[in-house]
1. So which of A:Leu214, A:Leu317, A:Leu218, A:Leu245 ends up being within 7 Å of chain B (Cβ to nearest Cβ), part of a helix (DSSP H, G or I) and surrounded by 16 or more Cβ atoms within 10 Å (Cβ to Cβ)?
2. Name the one entry in A:Ile302, A:Ile249, A:Ile256 that is farther than 28 Å from B:Arg294 by Cα and in contact with a strand residue (DSSP E or B) (Cβ under 8 Å, 6 or more places away or on another chain).
3. So A:Ala226 fits all but one of (1) modelled with pLDDT under 90; (2) under 14 Å from A:Thr66 (Cβ atoms); (3) away from chain B (no Cβ under 14 Å); what number is the exception?
4. Restricted to the range B:253-271, and to residues that are exposed (fewer than 15 other Cβ atoms within 10 Å of the Cβ) and assigned to a helix (DSSP H, G or I), which residue is farthest from the other protein chains (Cβ to nearest Cβ)?
5. Taking the residues in the range A:273-310 that are of a type in the set (Asp, Glu) and not in a helix (DSSP H, G or I) as candidates, determine which candidate is nearest to the other protein chains (Cβ to nearest Cβ).
6. Hey, can you tell me all the residues within the range B:282-297 that are over 14 Å from A:Leu277 (Cα atoms) and of a type outside the set (Gly, Ala, Ser)?
7. Inside the range A:286-318, can you point out the residues that are within 16 Å of B:Arg263 (Cα to Cα) and among the hydrophobic types (A, V, I, L, M, F, W, C)?
8. State all residues of the range A:65-84 that are touching a strand residue (DSSP E or B) at 6+ places or on another chain (Cβ under 6 Å) and either surrounded by fewer than 24 Cβ atoms within 10 Å (Cβ to Cβ) or not in a loop (DSSP other than H, G, I, E, B) (or both); if no residue qualifies, say none.
Protein chains: 2
Amino acid sequence: MSSPILPKPPFGESLVSNLQIRDPLTVARAITRVERGGVAARELVREIFPLTGRADLIGVTGAPGTGKSTLVNAMAKELHARGKHVAILAVDPSSPFTGGAILGDRLRMQDLQGTGVFIRSMASRGQLGGLAAAVSDAALVLDAANFETILIETVGAGQGEVDIARYAHTTLVLEAPGLGDDIQAIKAGILEIADVLVVNKADRDGANATAAALEMNLNLNPDRTAWRPPVLKTVALTGKGVPELVDAIASHQSYIRQHDLRRAQETARFRNKLHELLKTELLQNLLDRYPDSRWDAWLHEITERKRDVYTIANEILRNKNNA
Amino acid sequence: MSSPILPKPPFGESLVSNLQIRDPLTVARAITRVERGGVAARELVREIFPLTGRADLIGVTGAPGTGKSTLVNAMAKELHARGKHVAILAVDPSSPFTGGAILGDRLRMQDLQGTGVFIRSMASRGQLGGLAAAVSDAALVLDAANFETILIETVGAGQGEVDIARYAHTTLVLEAPGLGDDIQAIKAGILEIADVLVVNKADRDGANATAAALEMNLNLNPDRTAWRPPVLKTVALTGKGVPELVDAIASHQSYIRQHDLRRAQETARFRNKLHELLKTELLQNLLDRYPDSRWDAWLHEITERKRDVYTIANEILRNKNNA
């Protein structure tokens, strides 16, 4: 019997309980809420946060053309066959006007029909900091919704997307044969964040050479931790090599649990998030201290080459501290 | 006649004058200094800033395998043949242990020998914010060094790299036929920042289809400004189409000058830089207010799921304002 005077929790108890049974509509609505940000997003995160911390976050990153989406779908099916509840967050830098994300989603959902795999695209509109925050909050929603494995798929070539993948518990880096020369492929600069390396499209010419180049690079790296990333070959379209890949991920998950690395990973992820949050709020507070005309005048000094941006920043911070 | 009592400018007058005559060693040393950051970097920027604002910044971005480096070299040669002093900043996300950047640089320098084109790779170690700041300061050095055209080459698929390219006066986006299907290629999500679209490797099958797909996407976009990006085909290896590309860039440069857009671009670039700088400094000041043990305790509360990151951030900011 609830009193009408008591404040209602913002999301409602039925919503949280619907979330915990993985009701797809509730999960989708909750992710939309965290994507939008603001007070409602924060209240939802506060409410569900105690329910989180159990899911395995698997980051999957690689250049365009490596077949990420197909492989992630194949992994989801394999994990589903092993009795896991799986969700996919596809971080998609599609422009808002191409409609690529929506089309791609529909095709992928058809492919996964009947598996109960939840799939959601998140587009990188606006600031990347904002996207990273939204992705990590969406992962909290899926975690609270009792998905045991969350696959986070990002286009890897940019540092920002790499950061999203790197804060997963296990990070897969995909390569494919024939994407420019080998140096180019390896130049992607994301090898050192890989826990598992995958040469997808391994039925193509050059797959062995790509795998050998990756092994060679692993040998060159003196800073690796005790875990040596395995290099696996897959053909996502036929599912070849996918069970072995899922086994390799499970091995890495065991490794990080045995060596108590999960807490260190989580600390790094939350530290990063806390810092980003504080930076955004601190800047906003500072921006609010002065009228737009004052900020325009400072910028005008810079574009007119009267004073440089470092000198102006110093002045603003000094004013603030003396205020 | 200078008095020995007067403080010497940090970089020295001879250095600034050597910079202005494009002495390669001086330019390289100055870029190294801004890359390292800190007080010395800021003093150098302050000193050279009044000399800047004349160079044309051309951003060139595209996925791995589109042939960016070869095309940028070909453009540099064409611009040199037209009497321009050209510099290239190649923003390279190579991992520190592959050595790809150094090898690539040597090959490229050979290719440009005798042209006086200055070329410098910048690796994306550490934070991307740091890289973006270093790249824009390096561009200031090259601008002060009287290079008339600065080509900034980035691997485009990540938001961060795209941001670097977007703050150029003219942004080229490269595609190539045969990099996955067309939707995938167009999904790169960077079309809306393009002032000029290039289909490189246009001697390959599918070049016309890729160009047609790009034109179609331009037609779909309702938000374009009055400038419609031309779609050009090039074969960087043979130089085919490169003069037409350089003409298209010149047309865009005339367009932005005629419509007084250069100042708006510069304002956006410097506003972004000022905000990033202020955020970094404000966070550092806040971090310095508390001992590491206090920060560790807050993070521990989060990883233990006692309180979420938004609640902790609010508390920290409230404490600060009450202090």
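1. Going through A:Leu214, A:Leu317, A:Leu218, A:Leu245 in turn, just one is within 7 Å of chain B (Cβ to nearest Cβ), part of a helix (DSSP H, G or I) and surrounded by 16 or more Cβ atoms within 10 Å (Cβ to Cβ): A:Leu317.
2. A:Ile249
3. Every listed condition holds for A:Ala226 apart from (2).
4. Residue satisfying both the conditions and the ranking: B:Ser254.
5. In this case the residue turns out to be A:Asp308.
6. The initial filter retains those residues of the range B:282-297 that are over 14 Å from A:Leu277 (Cα atoms), namely B:285, B:288-297.
Of everything in the range B:282-297, those that are over 14 Å from A:Leu277 (Cα atoms) and of a type outside the set (Gly, Ala, Ser) turn out to be B:Asn285, B:Asp288, B:Arg289, B:Tyr290, B:Pro291, B:Asp292, B:Arg294, B:Trp295, B:Asp296.
7. If the condition is that a residue be within 16 Å of B:Arg263 (Cα to Cα) and among the hydrophobic types (A, V, I, L, M, F, W, C), then A:Trp295, A:Ala297, A:Trp298, A:Leu299, A:Ile302, A:Val309 are the ones that fit.
8. Matches in the range A:65-84: A:Lys68, A:Val72, A:Ala76, A:Leu79, A:His80, A:Lys84.
The values are calculated or read from the model by the stated rules, or taken from the named source; none is laboratory data. What you are looking at is a predicted structure, and each value in this text was computed from that prediction instead of being measured. Positions of Cβ are backbone-derived with ideal geometry, glycine not excepted, and every protein chain shown enters the neighbour counts.
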